[in-house]
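The numbers here are math on the coordinates, done by the rules we state, and not lab data. These numbers were taken from a predicted model, which means no experiment stands behind them. When we count neighbours, we look across all protein chains shown, and the Cβ atoms used for this are built from the backbone with ideal geometry, even at glycine.
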Amino acid sequence: MTTVIAINGSPRKNGNTAALLQKALDGAASVGAETEMIHLIDLNYRGCISCFACKRKGAKPMACAMNDGLSPIMEKALHSDAIICGSPIYLGDVTSLMRAFIERFGFINVSYEKKRNHNFTGKINAAFFYTMNVPKPLHLLFTYVYLFNTGILRKFNGKVEQLISADTLQFGDYSKYDASSFDEEKKKEARAKKFPKDCRKAYEIGRRLGGSASSSNSLKS
Ligand SMILES: Cc1cc2nc3c(=O)[nH]c(=O)nc-3n(C[C@H](O)[C@H](O)[C@H](O)COP(=O)(O)O)c2cc1C
């Protein structure tokens, strides 16, 4: 069976990012995949501590020496057919939760050897979902982040898709916040009209990742 895991880098378990990731998992499940949602906020872990144990001569391939809440998740991700990372944009980048995950999961796959540029020999298809407050034309401000994360995920030898959900609703009731830069009505309209389209795109991405043709990771247990 194809296995698909979603990794939520938002601290909000019921926010925009989690909603899109859940739609993608629903799409994957609709074509028979086994799915799981991981909320990084629930885990006790840190980013890479630069011990370089993963680059030592004779080191076990793709193994991170840090032993914390992220260890079983990394193991699970390495043995799944597809992973879907999701993060809000925080001050121009992914959240620290997601960044720490990428440091750990991405760096074990980086090779310092001339003969290969990455270590992973299986195949994991992937997607990266981004959510953000800015409206669509401004999302291009974050192009560097998109390219960077796509590049990291490509080194897992599968296809990588991307979804950008802009103009998200940040609060349920804008009147309770000092947020006069935002027009509550326009924000609610975006939520009612644009967000459902993004949810449909997420669902379709999930279907593609969860299809049996995507079941391909030779390292799967
Ligand atoms: C600390 C913080 C920083 C943010 N920085 C940005 C930003 O740089 N650009 C942007 O468009 N939105 C920014 N946002 C808005 C979030 O990216 C947006 O509301 C997102 O959809 C929240 O996702 P969530 O509902 O899954 O938590 C920021 C929000 C927070 C809390």
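What the table below lists for this structure:
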{"item": "Candidates Ser181, Ser80, Ser71, ranked by Gaussian network fluctuation over the chain, Cα under 10 Å, top entry", "result": "Ser181"}
{"item": "Region 73-146: trypsin sites (Lys or Arg not before Pro) in DSSP coil with no more than 10 other Cβ atoms inside 10 Å", "result": "Lys114, Lys115, Arg116"}
{"item": "³J(HN,Hα), Karplus 6.51/-1.76/1.60, whole Hz, each residue of region 21-31, x for Gly, Pro", "result": "4, 5, 4, 5, 5, 4, x, 5, 5, 5, 10"}
{"item": "Antiparallel %, DSSP beta bridges [both residues in region 78-130], to 5", "result": "35 percent"}
{"item": "Cα-centred dipole magnitude for the chain, charges only on beta-carbon of K, R (+1) and D, E (-1), debye, nearest 20", "result": "840 debye"}
{"item": "Helix-only CD estimate at 222 nm, as mean residue ellipticity for the chain, using -39500 (n - 2.57) per DSSP H run (n ≥ 4)", "result": "-11000 deg cm²/dmol"}
{"item": "Distance in nm between pseudo-label sites at Thr143 and Lys194 (7 Å out along the Cβ direction from Cα)", "result": "1.9 nm"}
{"item": "Percent of beta bridges antiparallel (DSSP, the chain, rounded to nearest 5)", "result": "10 percent"}
{"item": "Spatial separation of Cα centroids for region 102-136 and region 23-44, in angstrom", "result": "19 Å"}
{"item": "Cut-off under 5 Å, modelled amide H: who pairs with Ser111 long-range", "result": "His118, Asn119"}
{"item": "Theoretical FRET efficiency, 1/(1+(r/R0)^6), r = Cβ-Cβ of Tyr177 and Glu75, R0 35 Å, to 0.05", "result": "0.30"}
{"item": "Table column - 3J(HN,Hα) (Hz), region 145-153, Karplus curve with 6.51, -1.76, 1.60, x for Gly and Pro", "result": "4, 4, 5, 4, 5, 4, x, 4, 6"}
{"item": "Chymotrypsin sites (Phe, Trp or Tyr not before Pro) restricted to DSSP loop in region 137-185 with at most 14 other C-beta within 10 Å", "result": "Phe171, Tyr177"}
{"item": "Within region 49-107, chymotrypsin sites (Phe, Trp or Tyr not before Pro) in DSSP loop having at most 15 other beta-carbon neighbours inside 10 Å", "result": "Phe52"}
{"item": "Scaled radius of gyration (Cα, divided by 2.2 N^0.38 Å) that region 3-214 gives", "result": "1.05"}
